[in-house]
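Student: For reference, the structure I am asking about is given below.
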Amino acid sequence: MDMWDLKKWRRKLGYSQFEAAENLGVSRAAIQHWECERTPVPHAVDLACEEIERRWKRRPEFGPVVLVYADEPMWPEADCPSRVLCMQRELYPNCEAAMGRACRLSATTNFSNSLIIDPDGGVVWSTPELMHECEKRSQNAKGVSGL
């Protein structure tokens with residue numbers, strides 16, 4: 001990540017230098033130094049920016065996004081009659097709509113290996129994260145706490 005990538009990242013997320021510094025756990029001066037190329041952006045900061053952006057994309061209003069899933073597990077059992085895997089992809093205007101659909105589908109038997117991805121193909125919600133969120137929502141709907 002160079003100074004231009006850092007500025008582009010910060011502006012994409014709508015962060016001021018102060019907000020970026022706060023989210024990265026560094027001083028505002030560090031952001032200024034990196035953006036003026038006084039010092040190079042550390043690799044750890046590059047990785048942190050990627051993760052912060054991924055979490056930023058999980059906002060309910062972020063979109064458009066695509067829900068991708070299979071109709072059976074990727075590695076079916078040897079006695080599986082079809083041995084053919086069908087991948088489904090559904091476009092949604094935002095994360096909340098895709099998450100709602102994923103949670104409804106998670107209660108069915110033909111929903112496996114699900115992901116929510118952004119328009120560039122980046123993973124917003126991985127399979128374990130998506131299933132955990134659906135389970136959490138299901139428990140909250142039932143009034144169960146502790147997850």
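The values are calculated or read from the model by the stated rules, or taken from the named source; none is laboratory data. Owing to the predicted nature of the structure, the values given are computational and were not obtained by experimental measurement. Backbone-built Cβ (ideal geometry, glycine too); neighbour counts: all protein chains shown.
Student: Failed condition for Asn110, given (1) over 21 Å from Cys86 (Cβ atoms); (2) not in a strand (DSSP E or B), with all others met?
Tutor: The number of the failed condition is (1).
Student: Take Arg11 and decide whether it is without any contact (Cβ under 8 Å) to a residue 24 or more places away in the chain, part of a helix (DSSP H, G or I) and closer than 25 Å to Ile116 by Cα. Working first, answer last.
Tutor: On the way: without any contact (Cβ under 8 Å) to a residue 24 or more places away in the chain: yes; part of a helix (DSSP H, G or I): yes; closer than 25 Å to Ile116 by Cα: yes.
Here the answer is yes, as Arg11 does meet what is asked.
Student: Now for a separate question. Every residue in segment 18-27 that is surrounded by 17 or more Cβ atoms within 10 Å (Cβ to Cβ) and either outside any helix (DSSP H, G or I) or more than 21 Å from the chain's Cα centre (by Cα) (or both), please.
Tutor: Going residue by residue through segment 18-27, those that are surrounded by 17 or more Cβ atoms within 10 Å (Cβ to Cβ) are 20-21, 24.
Hit for segment 18-27 is Ala21, nothing else.
Student: Can you confirm whether segment 111-125 contains a residue that is surrounded by 13 or more Cβ atoms within 10 Å (Cβ to Cβ), of a type in the set (Phe, Trp, Tyr), free of Cβ contacts under 8 Å to residues at least 40 places away in the same chain and out of contact with any Lys or Arg (no Cβ under 6 Å at 6 or more places or on another chain)?
Tutor: no
Student: Would you mind stating whether Leu91 is of a type outside the set (Ser, Thr, Tyr) and at pLDDT 95 or above? So that I can check it myself, show each step before the final result.
Tutor: Values: of a type outside the set (Ser, Thr, Tyr): yes; at pLDDT 95 or above: yes.
Yes: the conditions hold for Leu91.
Student: How about segment 83-107: which of its residues are over 15 Å from Thr127 (Cα atoms) and outside any helix (DSSP H, G or I)?
Tutor: Arg83, Val84, Leu85, Cys86, Glu90, Leu91, Tyr92, Pro93, Asn94, listed by residue number.
Student: If you check Cys80 against the conditions, is it modelled with pLDDT of 95 or more and closer than 30 Å to Arg101 by Cα? Give the steps one after another, and end with the answer.
Tutor: Values: modelled with pLDDT of 95 or more: no; closer than 30 Å to Arg101 by Cα: yes.
No, not satisfied.
Student: Which one is farthest from Arg54 (Cα to Cα) among residues in segment 85-100 that are surrounded by fewer than 16 Cβ atoms within 10 Å (Cβ to Cβ) and in contact with a strand residue (DSSP E or B) (Cβ under 6 Å, 6 or more places away or on another chain)?
Tutor: Leu85
Student: Any chance segment 136-145 includes a residue that's touching a helix residue (DSSP H, G or I) at 6+ places or on another chain (Cβ under 8 Å), buried (at least 18 other Cβ atoms within 10 Å of the Cβ) and either under 16 Å from Arg55 (Cβ atoms) or touching a residue at least 12 places away in the same chain (Cβ under 8 Å) (or both)?
Tutor: Scanning segment 136-145 turns up no residue that is touching a helix residue (DSSP H, G or I) at 6+ places or on another chain (Cβ under 8 Å), buried (at least 18 other Cβ atoms within 10 Å of the Cβ) and either under 16 Å from Arg55 (Cβ atoms) or touching a residue at least 12 places away in the same chain (Cβ under 8 Å) (or both).
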